[in-house]
Amino acid sequence: MNKLKERIRRGEKLCGTLVSLTDPSLCELLGYVGFDYIWIDMEHTCISCKDALCHLNAAKSTGTPAIVRVPQDDLTVTKKIVDMGPDGIVFPMIRSYEEAQRIIGTTLYPPLGTRGFGPLRALGYGAVDADEYTAKHNLDMCRFVQIEHIGIIDDLERIVEIPYIDGFIFGPNDLSGSIGEIGKVFDDNTMKLLDKAIKILRAHGKYIGLAGGHSAETIKKWSELDIDMLTAGADWTMLFDKARSVLGEMKKDSGFRR
């Protein structure tokens, strides 16, 4: 079992951050910072499958678990990513029991699911016995479903019964958008949906995560929720914010001001 899955099963509180730029050095750098995991985002970025592989190797070099969010309902990319053997995979914008069941099934070999055989990195390029991998090791990967649409909350009592889902991760921005209030993540309607879903998940003993924001105020607000796993910040926000801060210091009380 991979380290991330062991910690999730123990119910540990985990902190991660997001990589959205293509240079794997950024993933390596963030790995050395000490985050519990790195979230490699392929949904909203230009990260290709080749880039994702480089990021996975960079994270591994630091001993940091890495999870990959794949594009929405993209079987081709999902196949390639699971065959790379990440520590976890994240499926965005799930809307129903049927969709969740089908998508989780694409990560499981028959008879449990519909995954086709063709692992490369996941097999250590031959270092791991193929039969042992298909029978056992492929189940080590964490499988996460994102709660980003009101439809999944309406169907959550059934979805929590689907096996092999290791955690549910809220995406507050898209959740607010699904009720016509995009960006109003702390308004009553979105917070009521979060509270409703958290109660259902807790009643079924599920591991709960949330991804969003990077300001100290936002992180504090999300941390106050009954969640286990918080993903905050990103490579680009950290670079931009720090660069702006450094520029401000250079111009402060100096002749470099314009």
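Look at (1) surrounded by 12 or more Cβ atoms within 10 Å (Cβ to Cβ); (2) out of contact with any His (no Cβ under 8 Å at 6 or more places or on another chain); (3) in a helix (DSSP H, G or I) and you find that Met250 fails only one, number (1).
Residue count for segment 19-49, restricted to those that are in contact with a helix residue (DSSP H, G or I) (Cβ under 7 Å, 6 or more places away or on another chain) and within 25 Å of Asp226 (Cβ to Cβ): 2. For beta carbons closer than 9 Å, sequence separation of 6+ or different chains, a first residue in segment 39-63 that is closer than 11 Å to Cys27 by Cα and a second that is modelled with pLDDT under 95, the qualifying pairs are Leu56/Arg121; Asn57/Arg121. All of (1) farther than 22 Å from Ile150 by Cα; (2) acidic (Asp, Glu); (3) modelled with pLDDT of 95 or more hold for Glu249 with one exception: (3). On the stretch given as segment 14-51, residues that are outside any loop (DSSP other than H, G, I, E, B) and either under 12 Å from the mean Cα position of the chain (by Cα) or within 16 Å of Cys142 (Cβ to Cβ) (or both) total 11. Considering Lys192, Lys220, the condition of being under 21 Å from Pro92 (Cα atoms), open to solvent by 80 Å² or more (accessible area, probe 1.4 Å), at pLDDT 95 or above and over 18 Å from the mean Cα position of the chain (by Cα) is satisfied by Lys192 alone.
Within segment 195-217, take every residue that is open to solvent by 70 Å² or more (accessible area, probe 1.4 Å) and in a helix (DSSP H, G or I) and give me the one that is farthest from Gly151 (Cα to Cα). Step by step, filter segment 195-217, then rank; the result is Ala216. The lone criterion from (1) farther than 28 Å from Gly11 by Cβ; (2) open to solvent by 10 Å² or more (accessible area, probe 1.4 Å); (3) in contact with a helix residue (DSSP H, G or I) (Cβ under 7 Å, 6 or more places away or on another chain) left unmet by Ala52 is number (2). For the condition at pLDDT below 95 and either open to solvent by 30 Å² or more (accessible area, probe 1.4 Å) or not in a helix (DSSP H, G or I) (or both), what is the one hit in Gly183, Gly233? Every option except Gly183 fails the conditions. Scanning segment 17-30 for residues being surrounded by fewer than 23 Cβ atoms within 10 Å (Cβ to Cβ) and under 27 Å from Val128 (Cβ atoms) gives a total of 2.
The values are calculated or read from the model by the stated rules, or taken from the named source; none is laboratory data. Keep in mind that this is a model prediction, so the values were computed, not measured. With ideal geometry, Cβ positions are generated from the backbone for all residues, glycine too; neighbour counts draw on all protein chains shown. Heads up: the accessible areas ignore ligands, DNA and RNA and are worked out on the full protein's heavy atoms, side chains in. Shrake-Rupley method; radii C 1.70, N 1.55, O 1.52, S 1.80 Å.
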